[in-house]
Amino acid sequence: RFSIFLILINSVCAQAQKIQDMLHLIKLPEGFKIELYATEVENARSLAQGPKGVIFVGSRNEGKVYAVVDEDGDWKSDKTYVLAEGLNQPNGVAYRDGDLYIAEISTVSVMRGIDDQLANPPKMQAILDDFPTEKHHGWKYIAFGPDGKLYVPIGAPCNICLSEDERFASITRMNADGSDFEVFAHGIRNSVGFDWHPKTKELWFTDNGRDWFGENKPNDELNHAPEKGMHFGFPHCHAGEYADPKFGDKRSCNEFIAPAQKLGAHVASLGMTFIKKDVFPEEYRKSIFIAEHGSWNKTVPDGYRITRVELNGNEAVNYEVFAEGWLSGAERLGRPVDVLEMEDGSLLVSDDHANCIYRITYLK
């Protein structure tokens, strides 16, 4: 048993060292630094900030939900709790008033009073369990909006199709108890990240473009939805400019809301966050940071990076790479999934390929 324990310890240390070596390859603007925040968080996906020192992490392939805890306040995790396992792609997590919300494929549940029960977590209680069961784009990102409602996207159950169920290809919302469920925005193929503008309180979200339409088209999208009922084109129009070969003749691109910013084609734009603190340099404070998970079917891989979209009011005026190096030639070293601004203004980045969480800081 002792030999097995040593083997496991050596394996963990070797993995941590491998990631540390990889960090030297990550390029950031001058003044910024990236380091490990947590390791051995298998398939780390969506992030949610809990009480001080606690970050909740969802997964997709592992079926687990974690609590990563910084016990001594040094901005590095000290312990990881597995709060649930054996779940159906629990990608999405959201924290509110001491409760942890977890989104599986067809169910959104809650763990009440999680703060003091990390070591012995409470049972999950379903608040809405009749979401579609299709797994294609069925994993979800969830978050509470400024209106107190829980926003839950439902991806298209396909690469390209038109479903009679209006819930597909949308972002929905509901009350914290699951009541008053409604579709907030339509025509969204697969959003796995959104946030609200810190001043206007309006929703912005990423959306993944369709596959098998071209090596360099259509673009992924950053979209702005200031009100309920807007339609962003899927499956008729892509990125505000390309009529779909199968569904484009049914409705014109002019009928839909064009992207606020076109992102790279097939880069798999996932988590995003506004910068709200005054810690990063001023030019970064009117920005959205986006985790581009990386392409899976391009001849020349693209993405595998963190990008920044600078805003002037509600207009995107600049789109650029902020952090890159997770793609080395054709070798995939890591795949960023979500970005989260912490209380001290640093930026956490989850990586479901390297099974870890990074922390990016600005050195004044």
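The values are calculated or read from the model by the stated rules, or taken from the named source; none is laboratory data. The structure presented is a predicted model; accordingly, all values stated were derived computationally and were not measured. Positions of Cβ are generated from backbone atoms using ideal geometry, with glycine treated the same way; all protein chains shown enter the neighbour counts. What goes into the accessible areas is simple: the full protein's heavy atoms, side chains included, and nothing from ligands, DNA or RNA. Shrake-Rupley method; radii C 1.70, N 1.55, O 1.52, S 1.80 Å.
Okay, here's what the table says:
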quantity: Condition met for S252 (without any contact (Cβ under 8 Å) to a residue 12 or more places away in the chain and open to solvent by 40 Å² or more (accessible area, probe 1.4 Å)); calculated: no
quantity: From G92, G50, G98, residue being of a type in the set (G, A, S), under 19 Å from T273 (Cα atoms) and over 16 Å from the mean Cα position of the chain (by Cα); calculated: G50
quantity: Residue in the stretch 336-345 that is part of a strand (DSSP E or B) and among the acidic types (D, E) present; calculated: yes
quantity: N297 open to solvent by 20 Å² or more (accessible area, probe 1.4 Å), outside any loop (DSSP other than H, G, I, E, B) and not acidic (D, E); calculated: no
